Amino acid sequence: MKVIFQEYDQEANNPGRNEIVAIHYFHKNTTGEGALEDNLSALAATPEKHAASAERFQDLAGSYYNKYERTRDLEDLMIVIDYGLSALAETPDGHPDMAGRLQSLAIYYTSGYTHTGDPEVLEAALAYNLKAVAGTPLGHPELARRHQSLATAHLHRYRRAGNFGDLETALRFNLSATIATPEDHPDLAERHQSLAVSYTDRYKRTGKLEDMTAALKYDLLAVAATAEDDPDLGARHQSLGISYLDRFKRTGALKDLEAAIQYSLSGLAATSERDPNLAGRHQKVAMTYNLRYRQNGNLRDLEAAIEHNTLAIAAAPHGQSDLAALTSQSLAVSYMDRFQRTGDLEDMQNAISYNILSVTATPEGHPDLPARYRNVSVSHLDRYTRGADLEDLEAALKYSSLAVAKTPEGHPDLAGRYQNLGGIYYTKYIREKTPKDLWAAFMYILLAVDTTPEADPEYALRQNCLAMCYEERYKRIRESADIEAALVCHLAAVAATPDDHPGLASMQVNLARSYLFRYAKTTDTKDLDMANNLFKSALKSTIASPKDIWNISVQFSEFQGVFPLLDILEGYKIALNTLPSFLWLGSSLHNRHDSLVRNDVSNFIATAVTFALQASKPKLALEFLEQGLSTTHKQSLQLRSEHTKLQGSLPIIAQRMQHISAQLQSSLHPSDSGINYHLLAHERQELIQEIRTHTGFEDFLLPPKYANLCTASVHGPVIMLNCSNLQTDAIIIISPSVPPIHLCLPDAPAPAIEEHLGKLKIALKYFSIHSRNSRYGKPSGIGNDSSKNLLDLVITWIWETIVKPVFDALKDKGINNGRLWWCPSGLFTYLPLHAAAPLESNFIQSYTPTLDTLINANTKSKPSVGIDDLAVVGLVEASASLGAWSNLPAVEEELIIVAAFFKNQAHQLKDSQATIENVMKGIELSPWVHLACHGQQDLAEPLKSGLILYDGKLELEQILHINLPNAKFAYLSACETAMGDSKLVNEAMHLAGGFLAAGYQGAIGTLWSMPDIYGPKVAEVVYKTIFGEDNIPDASRAAEGLHLAIQKLRRDGVHLHQWMPFIHLGI
């Protein structure tokens, strides 16, 4: 169950809306530093107990107060109060200025309260206000002002302690102040605004429509009565914006939301950087943007909300706890919304931190505390849905219960808090299946629905939650009435959701599932048709988030066998087209990889491929499989090259695209650079949509079709391998002109592959091939013959069940030799397919992570006209500071052999010269690179896998972010450089794959540990073949060179575990 968004705390004790209606009737000479000096001199010249002393003290208080308003320095305010008290002490009873000085003190103390949040200071302000009003006769021209000041103090106390009597008193005195103010009075606008604030607070307490209407009325009057050059216009625009926002939340009318944004922005624009209300006004703008984001799903609005919330926190005056709580809460809401959109874990952590900070800064009894409790609850619930940690669920229940318990009956936000609490009980029931939790969920969600008007924007969501409770109860007690009740609620939810709302698609799917519940009981095909149509309608949504579309597709695929297979395939197609957006480029690479694992993307794609093959659509199956391979690598490649396709026809757009992409390429750690990667990714997506409107670019960056993908086979067959829980298959692309061959592999089902992978692991363990302490490890103690036999058994099985059937299919097409490429996926990525071919095989085998990688490499491949630069790196002696890495004596010979081929173009970095910085520079400057050193695969964090250099590890993550447009070939003479990650099976998360993603046309790497002694032998044959008879290096010859080198080792009697690690990737 999706449990609503976090609440916005619109008001709090926030100067952005509720500035103290301060009295500016200090003496004319109280403004400016000069006036302060004059008043100090005047007081110094006035004898003690002089008749003018009180006036001098009062003038000084006024001057310091004006200074405080500029500096917000609490020490200045303390001086103000000191002089104000002195002025009062020097004023005899009955003096005509007594009430005015009491009121001034009340204003000073009210400012002190808003600065410090000290309730004792607020009580002093109230006491002085009461005395000022009591000392002012009826009809006095200042009585209205003093009523207004007293109302402000009562409103502050109401917001602190929640006593409804204070709110009623504030409203009464604001009303009397307004009534007593003539139409042409300059303070009328101020009185109207104060009255509007009181009505707004009462509306939020009682939910009465007439209070909301009155607030809007008086805010409009306040704005109408304020001149364009009035410094208070900003405050009045903000107040009017809040009233429009309240009406939007009540009625859902988008024009009110637009008006709220307009007036909030104009209020902010009229606010100076030094204005103490700046933070509150930024927060109000953020709130309006956030609410519009929830209506339209436009990420720009959410990013604007985060920006203004961040500015609000930065601008909040130190020591104002209420404002700190409000701005923290508001920023937490925005971070949580973005987490729900992009899945960025950092956003979720930020949301929880700011929500807790907001609660910590809110005193017990504060009327806004329940909303802040609830938001903490929502944060924990979202984290629970991510990690299923029971502590988060318990914390969510605790804070939600507190929120409900501390919300008074009749409060307009009580329904939302009931819903939140009901949703948590529902989630708890789903986990533990305890009936009392389901009954509690029912009770609270029913209360939420019963107290929510149909026009309320949250009405649809609450009906949806209630329907889900009915469905769960049906599963438990099998009462048909619950199915019907669920349908009624889901229908109401869909009917109440606007067509342009991003949540409509999810509502439609929930309704579809309800129809399926009824179909399962009645077998009425009308229900089945309704469900199918609702799913298809939801999948066509152009405004639902990519995450929602992906989840809908996953749900739709669960009903294969219920819905027509072609419809299911269409759902898979939509899901896979959404995948690049679902793996949001605005998130870090780590987060994108996390999303791949959490959403089990590899198995989803494998099943999609299987269904396409069952429907006799091998081309579609091939397209599906390609879309699921190396998704994040393809994103990196697109960022480097996408603009080049535009330069000829759309040069200006190409420049914009290049600028955005260049910044996105640096998104290793999005929060560290000050760049808003989320917004950049959104701008890129908008630009892509714009590009697709131009003739000839309608398919720009859309997943490639078979007509393009089949060109990967231009130099030889490509074999794509797929393994799902249903079946195992090969798709063979013979050539671009021949239809693909679908080859079933019935003797290699998933369980059999897993069984033989286990045997392979045991066999390799004997040779310490699971790690590398030299370029080849020592035996671990398992019997030599048995381990070799087990390895031979695994390789024989791979030959008989996978490789031989493929070779036979090629033979049937007249293909017996030459180049071929394996493109494995899923479990196949762990199998040494190349090692299964017999010695007499004439196939030169390579691997490619994706078809697109091979196509790009072929496109870039150009004959060399001379010998290019080579960066040759070797570590003979390991640095002692890096731990127990052994020396590699054979590297010395290997470096000499390799450098001899490139002669003067070889730039050698050996031992202490082979630092991370030097090697990175060498890689960037040299089209060819040869690295002979230790390698390491990090199974826990594959991006941390790397090459062990003299001063540390050159990590895969660093390699992936190098742009190498002229790169040709990388020879990684190190262990574990082509060993992938056990979780990211389709992402080619190994060093060799990283070099291909960085732009290399080809690479040689190792699946596991390699023997140090064979490094020079293999390298010599490879480079001899690369240089050929014309002595010009050609990267496309590297695969043949490796093939010849391995054949020589095999003929010399070297066991397969010693030559098996070497593989070739790319052209």
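The values are calculated or read from the model by the stated rules, or taken from the named source; none is laboratory data. Since the structure is predicted, the reported quantities are computational estimates derived from the model, not experimental observations. All Cβ positions, even for glycine, are placed from backbone atoms using ideal geometry, and neighbour counts span all protein chains on display. Each accessible area value is taken on the protein alone, full model and side chains, heavy atoms only, with ligands, DNA and RNA left out. Shrake-Rupley method; radii C 1.70, N 1.55, O 1.52, S 1.80 Å.
Okay, here's what the table says:
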read-out: Helices (runs of 4 or more DSSP H) contained in region 583-668 and holding at least 2 residues under 28 Å from V718 (Cβ atoms); value: 589-598, 601-614, 618-627, 631-641
read-out: Given (1) in a helix (DSSP H, G or I); (2) touching a Ser or Thr at 6+ places or on another chain (Cβ under 7 Å), index of the condition T46 fails; value: (1)
read-out: Filtered residues of region 302-343 (kept if open to solvent by 10 Å² or more (accessible area, probe 1.4 Å), of a type in the set (D, E, K, R) and farther than 24 Å from R159 by Cα); value: E307, R338, R341
read-out: Some residue of region 903-916 being at pLDDT 90 or above, aliphatic (A, V, I, L, M) and within 32 Å of the chain's Cα centre (by Cα); value: yes
read-out: Test: F582 is among the aromatic types (F, W, Y), within 25 Å of L539 (Cβ to Cβ), touching a helix residue (DSSP H, G or I) at 6+ places or on another chain (Cβ under 7 Å) and open to solvent by less than 10 Å² (accessible area, probe 1.4 Å); value: no
read-out: Hits in region 227-241 (condition: outside any helix (DSSP H, G or I) and either among the hydroxyl-bearing types (S, T, Y) or over 39 Å from the mean Cα position of the chain (by Cα) (or both)); value: A227, E228, D229, D230, P231
read-out: Count - residues of region 200-217 that are open to solvent by less than 40 Å² (accessible area, probe 1.4 Å), of a type outside the set (D, E, K, R) and modelled with pLDDT of 85 or more; value: 6
read-out: Options G826, G814, G874: the member that is surrounded by 21 or more Cβ atoms within 10 Å (Cβ to Cβ) and at positive phi; value: G826
read-out: Candidates L939, L956, filtered to the one that is modelled with pLDDT under 80 and open to solvent by less than 50 Å² (accessible area, probe 1.4 Å); value: L956
read-out: Answer residue from region 255-288, given it is open to solvent by 30 Å² or more (accessible area, probe 1.4 Å), of a type outside the set (A, V, I, L, M, F, W, C) and within 29 Å of the chain's Cα centre (by Cα) and is farthest from D337 (Cα to Cα) among those; value: Q262
read-out: Top-ranked residue of region 248-270 - restricted to ones that are at pLDDT 90 or above and not hydrophobic (A, V, I, L, M, F, W, C), ranked as farthest from R72 (Cα to Cα); value: K255
read-out: Hits in region 669-702 - residues which are at pLDDT 90 or above, in a helix (DSSP H, G or I) and farther than 25 Å from E626 by Cα; value: E690
read-out: Residue pairs meeting the criteria (Cβ under 6 Å; at least 6 apart or on separate chains; first within 15 Å of L972 (Cα to Cα) and crowded, with 19+ Cβ neighbours inside 10 Å, in region 1013-1034; second aromatic (F, W, Y) and modelled with pLDDT under 95); value: Y1023/F901
read-out: Counted residues, region 964-999 - those being at pLDDT 75 or above and small (G, A, S); value: 9
read-out: Cβ pairs under 7 Å, 6+ apart, first in region 709-728 and at pLDDT 95 or above, second assigned to a strand (DSSP E or B) and open to solvent by 50 Å² or more (accessible area, probe 1.4 Å); value: Q727/C744
read-out: Yes/no for D699 being of a type in the set (D, E, K, R) and under 14 Å from F828 (Cβ atoms); value: no
read-out: Residues located in region 707-734, provided they are open to solvent by less than 50 Å² (accessible area, probe 1.4 Å), closer than 24 Å to S1036 by Cβ and part of a loop (DSSP other than H, G, I, E, B); value: G716, P717, I734
read-out: Index of the failed condition, D500 passing every other in (1) within 32 Å of the chain's Cα centre (by Cα); (2) at pLDDT below 95; (3) in a helix (DSSP H, G or I); value: (3)
read-out: Count of region 360-376 residues which are farther than 17 Å from D392 by Cα and open to solvent by 20 Å² or more (accessible area, probe 1.4 Å); value: 7
read-out: Residue satisfying all of: in region 509-558; among the aliphatic types (A, V, I, L, M) and not in a helix (DSSP H, G or I); modelled with the highest pLDDT among these; value: A544
read-out: Residue match in region 409-416 (condition: in a helix (DSSP H, G or I), closer than 20 Å to I352 by Cα and aliphatic (A, V, I, L, M)); value: no
read-out: Which numbered condition T525 fails, given (1) in contact with a helix residue (DSSP H, G or I) (Cβ under 9 Å, 6 or more places away or on another chain); (2) touching a residue at least 12 places away in the same chain (Cβ under 8 Å); (3) of a type outside the set (K, R); value: (2)
read-out: Tabulated pairs, region 869-897, first farther than 17 Å from I916 by Cα and of a type outside the set (A, V, I, L, M), second in a loop (DSSP other than H, G, I, E, B) and modelled with pLDDT of 90 or more, C-beta under 8 angstrom, 6+ apart or interchain; value: D869/S926; D869/P927
read-out: Selection count, region 413-447, where residues are among the β-branched types (V, I, T) and surrounded by fewer than 20 Cβ atoms within 10 Å (Cβ to Cβ); value: 2
read-out: From A395, A388, residue being surrounded by 19 or more Cβ atoms within 10 Å (Cβ to Cβ) and of a type outside the set (S, T, N, Q); value: A395
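Here's the yes/no breakdown for (1) closer than 26 Å to R159 by Cβ; (2) of a type in the set (A, V, I, L, M, F, W, C):
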{"site": "E55", "(1), (2)": "no, no"}
{"site": "Y65", "(1), (2)": "yes, no"}
{"site": "E75", "(1), (2)": "no, no"}
{"site": "M78", "(1), (2)": "yes, yes"}
{"site": "I81", "(1), (2)": "yes, yes"}
{"site": "R101", "(1), (2)": "no, no"}
{"site": "Y109", "(1), (2)": "yes, no"}
